Ligand code: SF4
Ligand code: SF4
Ligand code: SF4
């Protein structure tokens, strides 16, 4: 799949933002006044910033409001609802903590739950697609949620939680990569099933329908070199999990904490780039570009 | 609403005969022509006369080579457009309700004024049947020429999809695949019509008729083999020529 910057920034940043809002909702920490303002400002910068990036990949962002109508069938529509509800609910809690110096427990816990549901719905947009075998697995929501919790724990300064979750995240991500590498082959879709010509012999793409490129090739047939991908995976794991863990183990220092956040977010961006760039869509079969 | 209808009154669709298609792309051109001049946003091209032309098409013709275990390779031309699936994943993912499947005839359409151009429906389609238009930024797909098939301003023989009307080899058939007694259903039954990527559970309405078995030539009977035989044992004029040249 085409690794569009808008979608990479959207899923990465909003995941971190909702992760932080999740911990603030749990009251870990439960800052008041100016302190609360700073924490919530950072969380909203990530969450709302990410959501704004998502509108850049729409052909008609001015009609985005229509995306709220089909929540009965569409995960994208559910995500729209859940993100607005999560921002609204945590916003109420934030106003109480910043301006009235009180914590609304019920509102905050509801906000925390909505934050995780929002991240879950984002993941389900990808998980539901049988056309992209690498994404079509329960690992997709598991990973997205772990990313959000790890990033949230790191940003909210929950060092005790952040360390094990960052470790778990690294392990889950490596497992997902290995599992994902064989997903297309296991899906059973081949040029033979795509064309129905398999019973007559072995099928080879002889001539494409067009000499130039087209929307399908640009959007769905992105090829990353294997060596290139292996290097990027290593870089991603070191940045998103390895370095932050080391920085957290060192004696506490605000510089190290900030550095841990920065490397983690950089690692999330690299791994999200791979999430899209390495995802193989079955339509590539018709162009002889798979397997 | 982008929930799918439980069932549709008719299942209008195409039956494409891979045995007779000659790969002329006439259906591609007539589709582009009709759908650029009629219903909905025109199918735009970018850099049409430049170095990197790109454009929106609702129907595209691939060509595949099929190599049997023994015997000659076969070239199969393969037109592909929306299959108007019964279980259309492109419809249920749509957040705006722009994509829908009609209850009356099963045609899958996009309401272009509701489409936000998110592209998710194209991601969900296994067949590459949807393309986001480069100029209008809305999703385009085959409408089964919904503006021809019911159009009373057209003579009766033109009330079929443009591609079917145009095909010079009679490789494209249009009809109600929900009616077991329709001509298209009979054709599918007779020729073993098949679904594309049945493993994805989309239940396509459009069917493909597999190429018929070719005349069986054993490997020592291939056309090149017989030329070789002529060269080895020349007869008539070639035998005389051969002998004469030998003497020189
Ligand atoms: S072929 Fe693709 S666009 Fe057409 S109905 Fe099926 S899934 Fe949808
Ligand atoms: S591109 Fe348009 S038709 Fe397709 S899912 Fe998005 S809003 Fe619906
Ligand atoms: S017009 Fe008919 S013969 Fe020509 S490519 Fe299309 S289906 Fe094949």
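Things to note:
- For the protein assembly as shown, the percent of C-alpha pairs falling in each 20 Å distance bin, counted from 0 to the bin holding the largest distance, reads 20, 44, 25, 9, 2, 0.
- Between helix B:236-247 and chain B: long-axis angle, C-alpha atoms, 0 to 90°, nearest 10: 60 degrees
- Using alpha-carbon coordinates, inclination of helix B:26-37 to the longest axis of chain B, degrees: 20 degrees
- Fluctuation leader among A:63, A:103, A:78 - chain A, Gaussian network, Cα springs under 10 angstrom: A:63
- Here chain B carries DSSP beta bridges of which approximately 90% are antiparallel, counting only pairs with both residues inside.
- By the beta-carbon count within 10 Å of each Cβ, the least crowded to most crowded order of A:90, B:113, fewest first, is B:113, A:90.
- Cα centroids of the stretch A:8-58 and the stretch B:153-190: 55 Å apart.
- Relative contact order for chain A, counting Cα pairs under 8 Å that sit 6 or more residues apart, in percent: 24 percent
- In chain A, the convex hull through the Cα atoms has an average projected area of 17.2 nm², a quarter of its surface area.
- Order of B:80, A:231, B:207 under a 10 Å beta carbon neighbour criterion, fewest first: A:231, B:80, B:207
- Sorted largest first, the spans of the alpha carbon positions of the stretch A:64-139 along the three principal axes are 50, 29, 16 Å.
- When both the stretch B:1-64 and the stretch A:207-259 are represented by their alpha-carbon centers, they are found 36 Å apart.
- Build a GNM of chain B with springs between Cα atoms under 10 Å apart, and of B:23, B:106, B:236 the one that fluctuates most is B:236.
- For chain A, modelled as a GNM whose springs connect Cα atoms under 10 angstrom apart, the maximal fluctuation among A:114, A:250, A:145 occurs at A:250.
- Whether the stretch B:12-209 is rounded, prolate or oblate, judged on the alpha carbon gyration tensor where a/c under 1.5 counts as rounded: rounded
- The calculated FRET efficiency for the pair residue B:240 and residue B:183, based on their C-beta separation and a Förster distance of 45 Å, comes to about 0.20.
- The protein assembly as shown - share of DSSP beta bridges that are antiparallel (%, nearest 5): 90 percent
- Inter-part distance where the stretch B:84-109 and the stretch A:87-113 are each reduced to a Cα centre, Å: 40 Å
- Exposure proxy ranking, count of Cβ atoms within 10 Å, fewest first, for A:211, B:36, A:102: A:211, A:102, B:36
- Relative to the longest principal axis of the Cα atoms of chain A, the long axis of helix A:33-55 lies at roughly 20 degrees.
All of the numbers you see were taken from the coordinates with simple rules; none came from a lab. What you see is a predicted model; the values in this text were computed from it and never measured. We place every Cβ from the backbone using ideal geometry, glycine too, and count neighbours over all the protein chains shown.
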